[in-house]
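Everything below concerns the one structure shown next.
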Amino acid sequence: APGHVLMLGDAPGDRDAAKANDALFYPINPDKEAQSWADFGENMDAFLNGTYAGEKESKNIAYFETLLPKEPAWEVIK
């Protein structure tokens, strides 16, 4: 059921796939992977007790998005 699946990911495509499939998303933040995993237990507890959806997920995603580079580090062929 929607809101009963939690997807973990480290890329915008993972976030988009979660949303396209009515899943919640927990980001593994770039350059902050260890902290993301350290915080996962608290977030998993929130997911299991039904309080992850909404503000907690939105805050995690907003922070994730601030860490993403504006341009990829590799050359893009256009």
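Keeping to segment 41-78, report how many residues are aromatic (Phe, Trp, Tyr) and touching a strand residue (DSSP E or B) at 6+ places or on another chain (Cβ under 7 Å).
Quick first cut of segment 41-78, residues aromatic (Phe, Trp, Tyr) only: 47, 52, 63-64, 74.
When the remaining residues are screened for being touching a strand residue (DSSP E or B) at 6+ places or on another chain (Cβ under 7 Å), the result is 47, 52, 64.
Residues flagged as aromatic (Phe, Trp, Tyr) and touching a strand residue (DSSP E or B) at 6+ places or on another chain (Cβ under 7 Å) within segment 41-78 amount to 3.
Which numbered condition trips up Asn21, out of (1) in contact with a Leu (Cβ under 6 Å, 6 or more places away or on another chain); (2) farther than 16 Å from Tyr63 by Cα?
(1)
No value in this document is a laboratory result; all are computed from the given coordinates. None of these values were measured; they are calculated from a predicted model. Every residue, glycine among them, receives a Cβ derived from its backbone with ideal geometry; neighbour counts consider all protein chains shown.
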